[in-house]
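Step one of this worksheet: look at the structure below.
The values are calculated or read from the model by the stated rules, or taken from the named source; none is laboratory data. Given the structure is predicted, the values throughout are model-derived calculations rather than measurements. A quick note on method: Cβ atoms are made from the backbone with ideal geometry, for glycine too, and the neighbour counts reach across all protein chains shown. Side chains included, ligands, DNA and RNA excluded: accessible areas come from the protein's heavy atoms. Shrake-Rupley method; radii C 1.70, N 1.55, O 1.52, S 1.80 Å.
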Amino acid sequence: MDMKKQTTSNDYSKISAMYADDFSKDWDHFEIFDEALSLISEDIDKPIADLGSGPGTVIDYLRLKKYKEKILAVDLTPEFCSLLKEKYESDKDVEIFQEDMVSFVHKQAKDSIKAYLANFSIIHIPEDEIRAFFSSVYKSLVPSGVLVLS
């Protein structure tokens with residue numbers, strides 16, 4: 001694994017409980033997700049991918065706002081993925097992936113994702129992977145899909 005990604009995972013592992021406590025309801029700017037998702041036709045039956053899910057802050061917001069879409073939660077940190085599995089075990093429409101977000105996006109099929117939401121997470125992508133990341137995002141988004149970076 002890339003050294004930057006390993007360091008990121010290790011650091012978040014150490015602070016995962018504190019991070020979850022401090023930021024689990026930090027929704028100050030989340031209306032951007034409502035605005036972005038309103039641009040997509042509601043009849044598109046494709047999942048939303050939450051890149052760098054952490055403790056599930058974005059997912060909690062989407063569920064509070066009654067978004068019903070399937071959500072793919074992607075995080076590199078084992079502790080966050082364990083928390084997500086426990087938190088959403090009764091929500092059959094949340095699927096958790098313990099994986100690097102770049103490789104996750106790269107593996108997605110053409111036109112298979114309705115939206116990518118990345119809340120304070122793409123800052124962790126190594127500079128030499130950014131171009132491939134955005135290329136994979138473009139390929140895998142449905143034609144009217146959105147990418148939200150906050």
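Some points to look at:
- Cα gyration tensor shape for the chain, rounded if a/c is under 1.5, else prolate or oblate: oblate
- Using a Förster distance of 22 Å, the FRET efficiency for GLU86-ASN10 (Cβ separation, nearest 0.05): 0.55
- Residue pairs, from the table LYS87/LYS107; LYS4/LYS139; LYS92/LYS114; LYS4/LYS92, whose Cα atoms sit over 22 Å apart: LYS87/LYS107; LYS4/LYS139; LYS4/LYS92
- In this structure, ASP93 and LEU64 have a Cβ-Cβ separation that, at R0 = 22 Å, corresponds to a calculated FRET efficiency of about 0.90.
- Surface share of carbon and sulfur [accessible, 1.4 angstrom probe, percent] for the range 15-150: 54 percent
- Contour excess over end-to-end distance, with Cα ends at MET1 and ARG131 and 0.36 nm allotted per residue: 45.0 nm
- Neighbour count of at most 12 Cβ within 10 Å plus DSSP loop: longest GluC sites (Glu not before Pro)-free window in the chain: 90-150
- Per residue of the chain, the DSSP helices (runs of n ≥ 4 H) give a summed -39500 (n - 2.57) that works out to -13000 deg cm²/dmol at 222 nm.
- Calculated over the range 99-142: convex hull of Cα atoms, volume per residue (Å³): 64 Å³
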